[in-house]
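Written below as structure tokens is the structure these notes are about.
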Amino acid sequence: MMVSRRIPLHQINAFEAAARCLSFSRAAQELNVQQPAVSRHIAALEADLGVTLFLRSKPRLTLTEEGRILAGAVASGFDAIREGLETLRARSGDETIIVSASIGFTSLYLLPRLAGFQATFPDIKLQVITRDQNADFDPRKCDAVILFGEDGLAGAESQLIFKETMVAVCHPGLLRDGAPMDLPSLGRQKLLHLNSSDHSNDWNRFFQETEVVIPKPPAHDSYLSYMVYLRAIQNGLGVGIGWRHILDEFLANGTLALACEHECKTNRGYYCSMTRAGARKAGTTYFLDWIGRLE
């Protein structure tokens, strides 16, 4: 009877990172070791197994058939370990719900309301992380994810928070006699644009089914960061797109004003989705129910 030898865990870690990144250098950065160390671990693993796991191609590594088989097995094993750890954390009673959301939604909508959640559920710890411009965002690393779009996370239990209602907003000083302008006048103003994948076409949506045609925005009137975009509007640099629920407080206290009474409702909105990890924590269900009842 053959007795399989135990493979050192550091070799498995090196292989998993390299297979996921398809790069020894990126795997080394992730593991906080030097690149030659990863190469040695992979070479030792290949020698032990008697197979080639990677084709050392450029600019990226390529998994061989044997490499793909091992990568699938290792990924399944790591998922099982992760689920076991989450189960033990839940049993310990020290339950922390990790919520991922954009910095704009977090700052302007979620944080002002979190005291209400904590007062209702004092035993549930909540950690909010923002994912803006984070190319490595992985929904599996959180319990609930708040997304903007036409639906929540695919295959996950999701709760609609609110549907999108776009309004034109500006500094009150830009309005003559404090009165909102009509649509043609609005179209002649300096319009500020949010140049993100979800919102780059917002002004065209806003003016849809009207006779107003707007020119392509110059680069200096476009912003990548929503918080910088909002500050530009508040400082009177032009008229921007705002959202009901998100900016209602600013409209109520007079720091922003409606530039026009026209509103645009779309089929998009903010959704809160529960991940597989979150489904194992009772607190995630309470959070999902709570956020769905906010106004």
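The values are calculated or read from the model by the stated rules, or taken from the named source; none is laboratory data. Since the model is a prediction, treat every value here as computed from it, not as a measurement. Virtual Cβ from ideal backbone geometry, glycine too; neighbours counted across all protein chains shown.
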Please state which of the following conditions GLY173 fails to meet, knowing it meets all the rest: (1) in the same structural domain as ALA259 (by TED's automatic domain parsing); (2) buried (at least 16 other Cβ atoms within 10 Å of the Cβ); (3) out of contact with any helix residue (DSSP H, G or I) (no Cβ under 8 Å at 6 or more places or on another chain). (2)
Give me the pairs, please: first residue somewhere in the range 201-218 and within 20 Å of THR165 (Cβ to Cβ), second residue anywhere and aliphatic (A, V, I, L, M) and loosely packed, with under 11 Cβ neighbours inside 10 Å, beta-carbon distance under 9 Å, and either six or more positions apart or on two chains. PHE207/VAL213
Does LYS265 meet the test of being of a type in the set (D, E, K, R) and modelled with pLDDT under 90? no
With the requirement that a residue be in a helix (DSSP H, G or I) and over 18 Å from THR266 (Cβ atoms), what does the range 184-206 give you? PRO184, SER185, LEU186, GLY187
For the range 32-42, the count of residues that are touching a helix residue (DSSP H, G or I) at 6+ places or on another chain (Cβ under 9 Å) and either crowded, with 17+ Cβ neighbours inside 10 Å or in a loop (DSSP other than H, G, I, E, B) (or both) equals 6
Looking at LEU256, LEU251 in this structure, which one is modelled with pLDDT of 95 or more and on the phi < 0 side of the Ramachandran plot? LEU256
Considering only residues that are more than 12 Å from the chain's Cα centre (by Cα) and part of a strand (DSSP E or B), look in the range 144-159 and name the one that is surrounded by the fewest Cβ atoms within 10 Å (Cβ to Cβ). GLU157
The one condition in (1) surrounded by 12 or more Cβ atoms within 10 Å (Cβ to Cβ); (2) more than 18 Å from THR284 (Cβ to Cβ); (3) touching a residue at least 24 places away in the same chain (Cβ under 8 Å) that GLN29 fails to fulfil: (3)
Scan the range 167-177 and give yes if some residue there is outside any loop (DSSP other than H, G, I, E, B), touching a Cys at 6+ places or on another chain (Cβ under 6 Å) and under 30 Å from CYS272 (Cβ atoms), otherwise no. yes
If we ask which residues in the range 233-247 are buried (at least 18 other Cβ atoms within 10 Å of the Cβ) and either assigned to a helix (DSSP H, G or I) or in contact with a Ser or Thr (Cβ under 7 Å, 6 or more places away or on another chain) (or both), their number turns out to be 2
Selected residue (only one of ASP143, ASP198, ASP182 is among the charged types (D, E, K, R), in contact with a strand residue (DSSP E or B) (Cβ under 9 Å, 6 or more places away or on another chain) and in the same structural domain as ALA101 (by TED's automatic domain parsing)): ASP143
Please go through (1) within 32 Å of the chain's Cα centre (by Cα); (2) outside any helix (DSSP H, G or I) for ALA28 and return the number of the only condition it doesn't satisfy. (2)
Criterion: at pLDDT below 90, part of a helix (DSSP H, G or I), not hydroxyl-bearing (Ser, Thr, Tyr) and not assigned by TED's automatic domain parsing to the domain that holds GLU249 - qualifying residue of GLU46, GLU86: GLU86
Can you find even one residue in the range 264-274 that is over 20 Å from the mean Cα position of the chain (by Cα), at negative phi, crowded, with 20+ Cβ neighbours inside 10 Å and not charged (D, E, K, R)? no
Looking at ALA43, ALA75, ALA18, ALA27, can you tell me which residue is of a type outside the set (Asp, Glu) and in contact with a Cys (Cβ under 8 Å, 6 or more places away or on another chain)? ALA27
Is at least one residue of the range 259-282 farther than 23 Å from LYS163 by Cβ and without any contact (Cβ under 8 Å) to a residue 40 or more places away in the chain? no
